[in-house]
């Protein structure tokens, strides 16, 4: 019997079109735009000026405060300007514009292909290196990794959980990474284990990736303390709390962190980035992005430098199909449509899905028929229909009591609703309003 | 038979009497004194319970008025000066002078001027659309036309125009309660001082971008060129973040700035048609 989380979840069509396509390196663009906020937390402070020459891997912005991350140049060239850029939502944020000249890496990066399993750094040095290298959670949430690796006094981490679930339909970047960089990932896992001072690491992979499970299981036997667990396919298994429940049976209580049940979760992509940062001294400036869609002529998995315009990636994948209705940053379940195709690729962009027009249009909204499907699929035991109504009517105190802030925005409710009600849209609105309300109350 | 009736009447009367005595003492014990003037003032107020005064409803406003030492900061925008004066008479206080205001929309981005660059098919709610992305046009400051203000208006004063996708405010019905001002996620509605014959001159734009991007997104955007600022003789215009603002309290309706604006971002409403140039100047001097 395969493991999975007990309550809720849905089974969207998988559509993993690009699962068998190896990772390709995307050619360098003429210029890159590197946003200064590619992580959760305080935006970074630019460390270069207009006209400066930068090398690949050089720090161009430093993290401000604890929950922040360094940002590195992904190319070598001249800083054109530091100006506002439109991010994927169309709103402005600050970014460093660099004109590409050649590809000269900073000398400290070890560019050899040799896999080095011997970890020389101590726990504290690893955490420091993660901060310096700008490592953030590459599953999509982009939470700075050094924060997750720093265990506060009084708490104890017992298990490291590695997320190779990739439960979003279409996306295959983690899948390909596991197949092609398995040993690096597992070395990264042992580095994370050393940083957290744990003896045990559980690697969860959904059963729709049998090749990755076989490959990782074989490799894991050569490492100490690692076990690979195949998991039953169910969305949203890749969510932190659901994965912990599936693998360990421990439930993270409402309002608590995974560390409260002794677990820390990292993505396989993050483990790979940690390996490169610690063993090769290579900061995070490129990542695997899946570009996919039913009408694309050449969908694939590309290793892309951050700051590359999305349009370049679409070009490499065979150009924008005529019937494109929406371009989604992320997977189709949790991703958001982008406002224009010139947005830069950022650390948190795990995939881009080009949805054909007829599939992208939402159905007509009909009245709620009280079928309670949304309640049965909610993995965190909420009542989505009620939360939607409360948010719509502005009854935020009541919404807070109904634990709206526990919602992780997985979208199972909207996916399953037979009346096509925009449940998640309203819950997001209510959630942000409740968070704002609570913050204001705490200030008083 | 008759004795049963008598016993019933007697026992019930006794019960009623005892209850009445108990209730009388309880009423005495838990008596709450309420200023009778609260009822009087409440009767004056419009009973719209719109919250425009900042209180939960008219009763709370009446209580606040009776309690207050002076009327500073207390106004009923719906009732206006006459209601406040009447309340002041009852309570023996001085009503402050209130300039009546009316809601105006600081955006003129109809599809004709502001081309649609994407299509939004999510929940029809401005707050949701605003939190998701910049909207269907390239202007991240302008009206998204999902009608939150229309739903918030309790006075039927605000309706979405399907042709322009913008709300149209009826000056006669607007009581300037401020419900639409609060609900608009992009803060596009302003309560401006009402002028005679509902005349208005204001910058119908909220775009803080530099001239280039602003103009690219919308033909009638304020580009912050300062032309209006230079032509204004009354210090009524300020430029902040590439956006001009006309102070309604200082504006004398000289009508110089609207013609000066290169993008027609300054709107003049309810004025007689312009006369040939010389006469306009003469009229300004006289009036």
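The values are calculated or read from the model by the stated rules, or taken from the named source; none is laboratory data. Keep in mind that this is a model prediction, so the values were computed, not measured. Heads up, the Cβs are rebuilt from the backbone with ideal geometry, glycines too, and the neighbour counts pull from every protein chain shown.
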Could you count how many residues in the stretch B:126-145 are within 22 Å of the chain's Cα centre (by Cα), buried (at least 21 other Cβ atoms within 10 Å of the Cβ) and more than 7 Å from chain A (Cβ to nearest Cβ)?
6
Starting from residues that are crowded, with 17+ Cβ neighbours inside 10 Å and touching a strand residue (DSSP E or B) at 6+ places or on another chain (Cβ under 7 Å), keep the ones in the stretch B:151-165 and report whichever is farthest from the other protein chains (Cβ to nearest Cβ).
B:157
Do we have residue A:186 as in a helix (DSSP H, G or I) and in contact with a helix residue (DSSP H, G or I) (Cβ under 7 Å, 6 or more places away or on another chain) here?
yes
Considering only residues that are in contact with a strand residue (DSSP E or B) (Cβ under 7 Å, 6 or more places away or on another chain) and either part of a loop (DSSP other than H, G, I, E, B) or outside the structural domain of residue A:305 (by TED's automatic domain parsing) (or both), which ones fall in the stretch A:50-67?
A:50, A:51, A:52, A:55, A:57, A:58, A:64, A:67
Select, from A:93, A:38, the only residue that is at pLDDT below 95, out of contact with any helix residue (DSSP H, G or I) (no Cβ under 9 Å at 6 or more places or on another chain) and assigned to a loop (DSSP other than H, G, I, E, B).
A:38
Determine, yes or no, whether residue A:217 is buried (at least 16 other Cβ atoms within 10 Å of the Cβ) and free of Cβ contacts under 8 Å to residues at least 24 places away in the same chain.
yes
If we only count helices (runs of 4 or more DSSP H) wholly inside the stretch A:232-334, which ones have 3 or more residues that are farther than 22 Å from residue A:192 by Cα?
A:310-316
From the option list A:77, A:140, single residue qualifying as outside the structural domain of residue A:348 (by TED's automatic domain parsing), closer than 30 Å to residue B:140 by Cβ and out of contact with any helix residue (DSSP H, G or I) (no Cβ under 7 Å at 6 or more places or on another chain) is A:140
